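Before any comments, here is the structure.
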Amino acid sequence: MTQRVKDLLARAVQRLVEVRDSTAQLDAEVILRHKLDLSRAELYARLNDEVDDHTSQEYYLLVERRAQGEPVAYITNTREFMALDFYVDKRVLVPRPETELLVEFSINKLQEKGWMDQEIVLVDVGTGSGIIAVYLAVRFPHLHVYATDISDEALEVAAINARRHGVAERIKLLHGNLIEPLDTKPNIIISNPPYTVIAQVEPNVARFEPNIALDGGPKGLAIFRELFTQAKSGLTRPGFIALEIGADQANDVQNLSKHFFPGSHVEIHKDYAGLDRVVIIEVEQEITPAITETQTSI
Ligand SMILES: C[S@@+](CC[C@H](N)C(=O)[O-])C[C@H]1O[C@@H](n2cnc3c(N)ncnc32)[C@H](O)[C@@H]1O
């Protein structure tokens, strides 16, 4: 028995509406396009085409995964970031739009410093699917790009994406804690670290996405403190650190930055909703005396 594409789609939308998926129509369409390997225009041109039973059943199984709360990106194994397509699966966090802002503000800083065509060393800390490192390596051929992650599985996904975008030879993927695995001192540290309080994370996010990518401890700040401790001696001056933060963390992260990098210039940038989401810490000179962790009150 066959079904028309539009009937398949209607049934899928109905199922997703039933479970209160707020983007039911879009999700059903994206999954169907993935299943039939069609562009949006092609899908709409073929709404009256017939689909065989086997394909329909497979499609409904994918829709059911969405109905159970799984992110669409894991179902289609793809997510767009800065207009590039990345492979994703449950080994990595699904890239978020906020992280595009982190990249854009970092590029602005790179331009401001005149480092666009310089042999500058950059590290993407907690690279996950590799989106930040891969995008910057593609865009800036002169950069020496490192990417670290504590998760071996995430690094496997980052390697897939580095190969997909032709920059596997230009990114050193290193396993380990923050910048510890580096054999050089970067001028730029960019990171979207795990900064959430896991108990406050939306249940489906916590259920499907890796906890190691989300869990930032009791206030979500532990990772910033540890990164700053390492960067104090591990960042080349002049240099900068660009971080994605939680909307309520700007003050704490700014205070931490001032403790660890006295004299640094700290910028807080907002997202389109007016929430503080990116911090950039510019460090011009070597810092003396070193501030120890026990001297900070945050
Ligand atoms: C929020 S995800 C960000 C992934 C990716 N950069 C992005 O923006 O989509 C945080 C990543 O940091 C990694 N991570 C957590 N703790 C780490 C640590 N101590 N050192 C290095 N990576 C860490 C996680 O495995 C995860 O891939």
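Any residue at all in the range 5-12 that is farther than 16 Å from ASN204 by Cα and outside any helix (DSSP H, G or I)? Scanning the range 5-12, I find no residue that is farther than 16 Å from ASN204 by Cα and outside any helix (DSSP H, G or I), so the answer is no. With ALA247, ALA231, ALA159, ALA168 as the choices, which residue is within 19 Å of the chain's Cα centre (by Cα) and either open to solvent by less than 40 Å² (accessible area, probe 1.4 Å) or not assigned by TED's automatic domain parsing to the domain that holds VAL125 (or both)? When all the criteria are applied, what remains is ALA159. Only one of the listed residues (GLU29, GLU50, GLU80, GLU18) is open to solvent by 20 Å² or more (accessible area, probe 1.4 Å) and within 25 Å of TYR272 (Cβ to Cβ). That residue is GLU80.
Per the listing ILE132, ILE150, the residue uniquely touching a helix residue (DSSP H, G or I) at 6+ places or on another chain (Cβ under 8 Å), open to solvent by 50 Å² or more (accessible area, probe 1.4 Å), at pLDDT 95 or above and of a type in the set (A, V, I, L, M, F, W, C) is ILE150.
Looking at the range 46-163, the helices (runs of 4 or more DSSP H) lying wholly inside it that each contain 2 or more residues that are within 16 Å of the ligand (Cβ to nearest atom) and more than 26 Å from ALA206 (Cβ to Cβ) sit at 97-112, 131-139. Test GLU180 against the stated conditions and say whether it is within 14 Å of the ligand (Cβ to nearest atom), over 16 Å from the mean Cα position of the chain (by Cα) and acidic (Asp, Glu). Against the criterion (within 14 Å of the ligand (Cβ to nearest atom), over 16 Å from the mean Cα position of the chain (by Cα) and acidic (Asp, Glu)), GLU180 qualifies.
The values are calculated or read from the model by the stated rules, or taken from the named source; none is laboratory data. Keep in mind that this is a model prediction, so the values were computed, not measured. Here the Cβ is made from the backbone with ideal geometry for all residues, glycine too, and neighbour counts use every protein chain on show. The protein model used for the area step is the full one, side chains on, heavy atoms only, and it has no ligands, DNA or RNA in it. Shrake-Rupley method; radii C 1.70, N 1.55, O 1.52, S 1.80 Å.
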